[in-house]
1. Scan region 24-35 for residues that are exposed (fewer than 11 other Cβ atoms within 10 Å of the Cβ) and either at pLDDT below 95 or among the aromatic types (Phe, Trp, Tyr) (or both) and jot them down.
2. Of the conditions (1) under 24 Å from Glu7 (Cβ atoms); (2) of a type outside the set (Asp, Glu); (3) surrounded by 10 or more Cβ atoms within 10 Å (Cβ to Cβ), Phe63 fails just one. Which one is it?
3. Condition first: over 22 Å from Arg21 (Cα atoms), at pLDDT 85 or above and β-branched (Val, Ile, Thr). Now tell me which residues in region 36-85 satisfy that.
4. Checking the structure you have, find out if any residue of region 89-97 is surrounded by fewer than 12 Cβ atoms within 10 Å (Cβ to Cβ), of a type in the set (Lys, Arg) and closer than 30 Å to Tyr9 by Cβ.
Amino acid sequence: MEKELHEQYEYARRRIKQKKRLYFHFVLFVLGSLLLFIANKFFEIAVDSHWSIWVITIWLFLFILHFIKIFITDRFMNKNWEREQIDRLVALQQKKLDQLQTQVNNDDLK
């Protein structure tokens, strides 16, 4: 029981850390985008191009990937999912071993 409680605590701590990093990434994205936009428009760095829009778009894409990883992928593929997959594969391997053992025993009887 204590081991399960510890695993739940570690999982919760890891999820909180992931979410904290995502929120930090969002704040950094907003402030960085604002800074890039200001640098491009008001300080007239590379006047004829809109490079800040491209950088902000790429950064937004990376942020969306980070968001998907934290709130979609990790939610469904967590420790319980891993355990279920391992248990399923172990059961499948055990079934195959039992079939092979039965086949060997039948061949020995012949």
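The values are calculated or read from the model by the stated rules, or taken from the named source; none is laboratory data. Computed from a predicted structure; not experimentally measured. Because the Cβ atoms are built from the backbone with ideal geometry, glycine has one as well, and the counts that use them run over all protein chains shown.
1. Selection gives Phe24 alone.
2. That leaves (1) as the condition not met.
3. Of everything in region 36-85, those that are over 22 Å from Arg21 (Cα atoms), at pLDDT 85 or above and β-branched (Val, Ile, Thr) turn out to be Ile38, Ile53.
4. no
Rundown of residues vs (1) free of Cβ contacts under 8 Å to residues at least 40 places away in the same chain; (2) closer than 26 Å to Glu82 by Cβ, yes/no style:
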| residue | (1), (2) |
| --- | --- |
| Lys20 | yes, yes |
| His25 | no, yes |
| Ile38 | yes, no |
| Phe42 | yes, no |
| His50 | yes, no |
